[in-house]
Each structure stands twice: as structure tokens, then as C-alpha cells.
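All remarks here apply to the structure that follows.
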Amino acid sequence: MKPSGPSGQPPAWPVFLCGMMGSGKSTLAPRLAEAWSAPWVDLDRRVESIFGRTIADLFAAGEPAFRRREAAALRSLLAEPGVRARTLVVATGGGTIVDPQLRTLMSAVGTVVHLKVSIDGLVARLRQGGGPARPLLAGDVEAVRARLQALADARASAYASADVVVDGEADPQDVLCRLREALEGGEAS
């Protein structure tokens with residue numbers, strides 16, 4: 001799928017926001033959807049709704065089991081009538097793109113966007129609090145930084161496969177403008 005819609009218009013297919021935890025996927029998805037008068041889905045919330053448990057509870061059963069549920073939730077979304085042929089913004093989980101089959105599926109039906117944020121930027125955002133509890137954030141700042149760096153290193157090739165890379169190191173409104181410029185094929189308003 002081409003990375004942008006007609007000049008100045010949103011793409012008429014799904015857009016998948018990918019990136020590390022704290023990269024802004026769940027913050028930016030509703031803002032981008034609102035700018036486009038389009039629906040949006042937070043894949044983590046969909047997983048919780050389908051399986052009736054929190055992400056933390058599901059993850060406690062092991063990452064492979066969680067990833068299978070995440071894959072099922074994404075596939076069920078994309079199987080819904082009309083989803084593949086309309087503007088839809090999907091905030092994926094940080095590791096969704098690691099699954100080669102999901103990566104191929106997302107790229108085949110829409111545009112995959114990597115919201116790129118430095119490790120220091122992620123640490124700063126995630127340590128601010130106010131968000132959902134994240135099991136990987138336990139410990140001191142250096143331990144968190146080391147875990148985030150290890151995850152980023154392990155996922156680097158998956159994130160590099162994205163159709164579009166957007167610098168997420170700014171205020172959400174500025175990143176939203178960058179997203180719109182990249183996805184609309186023209187100047188964002």
C-alpha cells in the first residue's frame with residue numbers, strides 16, 4: 001500500500017501506528033482520527049475487551065500467549081466488513097509489529113507508521129506516570145533504560161520495515177502535524 005493518500009486527504013485504508021511503549025501511539029491515534037473524522041482503535045483495549053482481562057493480567061500468563069491473543073484481536077479487526085477499505089487509525093501494541101505475519105498483513109492492507117522516539121525520550125515519558133501500569137517499568141531509571149534499549153534493539157529490524165517513519169520527539173500536536181504531512185501526501189493544516 002502506498003504511504004500517503006491523495007494530496008491533502010487521508011488515506012482510504014487503515015493506518016497502523018507502531019513504536020515502542022511511550023512513543024505516543026495511544027495519544028496520537030485519537031487525535032489523528034479526529035482530524036480525519038475517522039474511527040480509531042487501540043489494539044490493547046480491543047485485546048482486553050475480547051479476552052476480558054487487563055493487558056498486565058494477560059501478559060502475566062507469558063508473552064507468547066499474550067502475542068497470540070494480540071494477533072487474534074488484530075486479525076478479527078481486519079476481518080470486519082469494510083475495515084480494509086476505509087480510513088481507520090489503529091494504535092498497535094509496542095510488539096505487534098515484531099510478528100512477521102502481522103507485519104505483512106498490516107502492510108498489505110494499510111500503511112504502517114513507526115513513531116520513532118529516542119530511548120531517553122521514552123524513559124522520560126514513561127517515568128512521568130499517569131499511564132497504565134507497565135510491568136517492564138519496575139526498577140530504577142537505569143534498569144528501565146536498559147530494558148527499553150534491549151527491546152528497541154530486538155525490534156529494530158521490525159520497526160525498520162514500516163512504510164513511513166515519523167519523528168515522535170515533540171509535543172503531540174507537532175507530531176500530529178508530521179503524521180498528517182507524511183500520510184496525506186501534502187501539507188497538513
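List of remarks:
- Exactly one residue out of Ile55, Ile119 is modelled with pLDDT of 95 or more and either touching a Lys or Arg at 6+ places or on another chain (Cβ under 9 Å) or farther than 26 Å from Ala156 by Cβ (or both), and it is Ile119.
- Boolean, Ala79 is touching a residue at least 60 places away in the same chain (Cβ under 8 Å), over 16 Å from the mean Cα position of the chain (by Cα) and surrounded by fewer than 19 Cβ atoms within 10 Å (Cβ to Cβ): no
Rundown of residues vs (1) at pLDDT below 95; (2) part of a helix (DSSP H, G or I); (3) farther than 21 Å from Ala56 by Cα, yes/no style:
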residue	(1), (2), (3)
Arg84	yes, yes, yes
Leu102	no, yes, yes
Leu115	no, no, yes
Gly139	yes, no, no
Ala143	yes, yes, no
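- Contact map, segment 103-128: first residue farther than 19 Å from Val175 by Cβ and touching a residue at least 40 places away in the same chain (Cβ under 8 Å), second residue open to solvent by 30 Å² or more (accessible area, probe 1.4 Å) and of a type in the set (Ser, Thr, Tyr), Cβ cut-off under 9 Å, separation 6 or more or different chains; pairs are Arg103/Ser161; Ser107/Ser161.
- For segment 157-172, the set of residues classified as open to solvent by 40 Å² or more (accessible area, probe 1.4 Å), more than 17 Å from Ser107 (Cα to Cα) and free of Cβ contacts under 8 Å to residues at least 24 places away in the same chain consists of Asp171 only.
- Here is the figure for segment 58-71: residues that are in a helix (DSSP H, G or I), open to solvent by less than 50 Å² (accessible area, probe 1.4 Å) and either touching a Lys or Arg at 6+ places or on another chain (Cβ under 7 Å) or farther than 15 Å from Met21 by Cβ (or both) total 3.
- Matching residues, segment 57-87, being within 23 Å of Val15 (Cα to Cα) and among the small types (Gly, Ala, Ser): Ala71, Ala72, Ala73, Ser76, Ala79, Gly82, Ala85
- From the options Asp120, Asp99, Asp44, residue that is open to solvent by 60 Å² or more (accessible area, probe 1.4 Å) and acidic (Asp, Glu): Asp120
The values are calculated or read from the model by the stated rules, or taken from the named source; none is laboratory data. Note that the coordinates shown come from a computational prediction; the quantities given were computed from them, not determined experimentally. Here Cβ is always computed from backbone atoms with ideal geometry, including for glycine, and neighbour counts include all displayed protein chains. These area figures cover heavy atoms from the full protein model, side chains too; ligands, DNA and RNA do not enter into them. Shrake-Rupley method; radii C 1.70, N 1.55, O 1.52, S 1.80 Å.
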